[in-house]
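Here's the structure, in structure tokens; my notes come after.
The values are calculated or read from the model by the stated rules, or taken from the named source; none is laboratory data. All of these numbers come straight from a predicted model, not from anything done at the bench. Counting neighbours? That spans all protein chains shown, and the Cβs are built from the backbone with ideal geometry, glycine included. When the accessible area is computed, the model is the full protein with side chains, heavy atoms only, and any ligands, DNA or RNA have been set aside. Shrake-Rupley method; radii C 1.70, N 1.55, O 1.52, S 1.80 Å.
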Amino acid sequence: MKNKIYYRPEVDGLRAVAILFVLIYHAGFSYNGEAILKGGYIGVDVFLVISGYLISSILIREVKDGEFSLLKFYERRFRRIFPALIFVLLTTVVVFYFVLPPKALKEFSLSALSTLFFSANFFFYFEDSYMAEASQLKPLLHMWSLAIEEQYYIFFPFLILLLTNKRKLVFLGSIFLLFFMSLLFSTHMATANSEANFFLLPSRVWEFLVGTVIAFNTSYLIFKKKSYIYDIVSLIGLSLIFSSAIFFDFQTKHPSFYTLFPVLGSALIILFSNNSILFNRFISSKLLVFIGLISYSLYLWHVPVLVFGRYLGYLDNNLNKFTFLFFSFFLSLFTFYFVESVFRSKKNFTMKKLYLIFLPTSFLLFIFLVFFVFTGGANYRYSNIDFDAAKLSSERRDYVKKNKSKVFQDNGLKNIVIVGDSMSEGLFISLKSSDWGKGKFNVQPLPFDDTCFMAWYNFDRFENLVEASPYIYRRCDVNKLNRLKSHSLIENADIIIVSAAWTNFSTSLLPGFIDYLHREYLPDRVILIQRQVFKGKIEDMLIEYASKEVDLSVGEFLYKNRKPDQVVVDRLKKISIEENAEFIDLSGLVCNVSDGCIYKAEDESLYIDHIHWSVKGAELVGEKIIDEDVLLSDYIDR
């Protein structure tokens, strides 16, 4: 007797819950400045459990009935995944060709290529953190989870084929062994390398396997008799998912043991909601089931649409975010009815027809993407923009390398050390290059990678705070930091200037850092420096300016696109008062409301990107520091 698989609308209802969490998270809805559902990313974990359950149910039945075919399995995956994916990729490539500046288009093309070969998780692993601000401008960031699914289903059918006809104890024992190995691995990696843990398959296998265990035991654990007891159990499952979405955030170690909450919540709903009474009516409601049915198309579309909105500058309030998500729903409906449903039907298209349509289309897409990569993001679109960030960056590095030293000159002058991230090097050039500084003081930089200089005074505290930001953490070498504690420059400094790309995170550590500097090194003065930051890289904004009809000068356009963070400025002022330091804001030296922002001098750009000065820019700032008497006036002869 053949085993039957019945359609379960409550599973589509659970899909709807998962996709709604993901949509809210990616849109960045907020209330009173606080993000709503900071842990909405757990919707993906719910998807993985559902996927594991559905695919395992089909494979187990086919193997038991002697109907299993690897060719048919991959045909189903192709029909389910590929047509809608190619349609979305083609559309986004065309749209973003006209929206993205060259560098962003090149990065987008690389991510699209990795998506085409189901390796996007590897691509994004080597990029910024999934939760970093920069990741909000990556149209295909969400494709990492699709890559993980397809990688998993390369080997999973063989596992089911090997185990299904074994004794129940052997099957479950093998699955549970793999489950615990993967869960323990993910919990370890959540601390050791959380980016690899998030993006790579080994840490996610256990989530799929929860679905497999459910599929194997469905006939034993889903009872025919309905009862309110199952309502309670299903409600507990939904509570586990909701509480995870509410209380998880970017600092939560994920995936790890903590992820058991949403995963087990999903398992309880799949297992028991079918036999619940009231809960089943809710989770199987027409609206939720419908959203669940279009969830794949909706998942594909929502991130490109939101990124499109961000590039246009429209996602600045909840209403606009909702509007763009509504547009995602519209695109999803079209894709579901005219792409997904059409190409999944064997009556409409045989596999031969599918290959004839999608293999040439995919190859054409591949050619265009490779072309965009090798043309630097189709940089021919803006051939009139003369900007070489690599050259400017190289000049800056060469200047610092040539002029910095590990010790101060023994000449009786005051010693100034500039501590911080890469911002410290720009200020070093400003003070070192100008003639007025010569013979008045010695100055040297002491730059760190990113926010690592904050770890100097208390590495243990820093380590706890940055577990959620491994990109920063893995660049902070504790041995290097310990050696720097006794560095000659810091020990012999009369004035310590702290210059950094300030964030809420770095300013939260700043009071302790300043206190440490005062106690350990007894400087005459500690000075905090703030500088001008733009919303985007200067090159990209010049391209944006060139592509729009704007009734502004370039300088006025740049001034309008500054990124003034008054919250951070106010915090720096407050800290300087409380910690016996000085605060100086240099942002007004090159930008003001009447003239806009100076961005060139002697036909050279003053900026490398959105925040780093070029050598020419740093020199100009140095001249303005003396002209406007904003820093170190004690050492300037009048």
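With contacts taken as Cα pairs under 8 Å at a separation of at least 6 residues, the range 132-273 carries a relative contact order of 26 percent. Taking the charge dipole of the chain about its Cα centre, with +1 at Lys and Arg Cβ atoms and -1 at Asp and Glu Cβ atoms, the residue from Asn592, Ser499, Ser227 reaching farthest to the positive side is Ser227.
Taken about its Cα centre, the chain carries a charge dipole of roughly 3840 debye when the Cβ of each Lys and Arg holds +1 and the Cβ of each Asp and Glu holds -1. Under 20 Å of direct C-alpha separation, and excluding same-chain neighbours fewer than eight residues apart, Lys440 reaches these lysines: Lys404, Lys406, Lys414, Lys432, Lys624. Per residue, the convex hull spanned by the Cα atoms of the range 9-381 measures out at 141 cubic angstrom.
Here the range 492-544 and the range 407-449 have alpha carbon centers that stand 15 Å from each other. Note on the range 9-381: with charges restricted to the Cβ of Lys and Arg (+1) and Asp and Glu (-1), its dipole about the Cα centre is near 1180 debye. Protection proxy ranking of 578-589, 606-617, by the mean of other Cβ atoms within 10 Å over each peptide's residues and highest first, is 606-617, 578-589. Taking Cβ atoms as reference points and 15 Å as the exclusive limit, the residues near Phe87 contribute a net charge of +2, counting Lys and Arg as +1 and Asp and Glu as -1. Within the straight-line cut-off of under 26 Å between alpha carbons, the lysines reachable from Lys38 are Lys138, Lys253, Lys321, Lys535, Lys563, sequence neighbours fewer than 8 places apart in one chain being disregarded.
Farthest toward the positive end of the dipole of the range 105-198, out of Ala120, Phe156, Gly173, is the Cα of Gly173, where the dipole comes from beta carbon charges about the Cα centre.
For Met351, the solvent-accessible surface computed with a 1.4 Å probe is close to 30 Å², ligands and nucleic acids excluded.
Taking chymotrypsin sites (Phe, Trp or Tyr not before Pro) across the range 59-162, the ones in a DSSP loop with at most 14 further Cβ atoms lying within 10 angstrom of their Cβ are Phe98, Phe117, Phe126.
Given their separation in residues at 0.36 nm each and the Cα-Cα distance between them, Leu359 and Glu582 gain 73.9 nm when the chain is fully extended. Pairing the Cα long axis of helix 168-192 with the longest principal axis of the chain, what angle in degrees results, from 0 to 90 and rounded to the nearest 10? Helix 168-192 and the main axis of the chain meet at about 10 degrees. When the accessible area of the chain is computed with all protein chains present and a 1.4 Å probe, what percentage of it is carbon and sulfur? Whole-percent figure for carbon plus sulfur exposure: 60. Does the range 133-286 classify as rounded, prolate or oblate by the C-alpha gyration tensor (a ≥ b ≥ c root eigenvalues; a/c under 1.5 gives rounded; else a/b over b/c gives prolate, otherwise oblate)? The shape class here is oblate. Computed from Cα positions, the angle between helix 295-312 and the longest principal axis of the chain comes to roughly 20 degrees. Among the trypsin sites (Lys or Arg not before Pro) in the range 344-404, those located in a DSSP loop and surrounded by at most 10 other Cβ atoms within 10 Å of their own Cβ are Lys347.
Looking at the range 189-277, none of the chymotrypsin sites (Phe, Trp or Tyr not before Pro) sits in a DSSP loop with at most 11 other Cβ atoms within 10 Å of its own Cβ. Think of a 1.4 Å ball rolled over the protein heavy atoms: the range 9-381 then has 44 Å² of accessible area per residue.
Once you order the gyration tensor axes a ≥ b ≥ c over the Cα atoms, which shape class does the chain get: rounded for a/c under 1.5, otherwise prolate or oblate by comparing a/b with b/c?
Numbers: a/c = 2.49, a/b = 1.86, b/c = 1.34.
Prolate.
Summing +1 for each Lys or Arg and -1 for each Asp or Glu, what net charge is found among the other residues whose Cβ lies under 13 Å from the Cβ of Leu306? Net charge in that neighbourhood comes out at +2. Rounded to the nearest 5, the antiparallel percentage of DSSP beta bridges internal to the chain is 30%.
By the rule of a C-alpha distance below 29 Å, with chain neighbours fewer than 8 residues away ignored, the lysines paired with Lys168 are Lys2, Lys4, Lys64, Lys72, Lys224, Lys225, Lys226. Comparing Cα centroids, the range 144-211 and the range 245-313 end up 20 angstrom apart. Here is how the number arises for the chain: DSSP H runs of 4 or more residues each give -39500 (n - 2.57), the sum is divided by the residue count, and the result at 222 nm is -19000 deg cm²/dmol. Using 0.36 nm per residue and subtracting the Cα-Cα separation, the extra length available between Thr350 and Leu162 on full extension is 64.7 nm.
Between Arg77 and Ser405, the contour length at 0.36 nm per residue exceeds the Cα-Cα span by 112.1 nm. The mean sequence separation of alpha-carbon pairs under 8 Å and at least six residues apart, normalised by the residue count of the range 9-381, gives a relative contact order of 31 percent.
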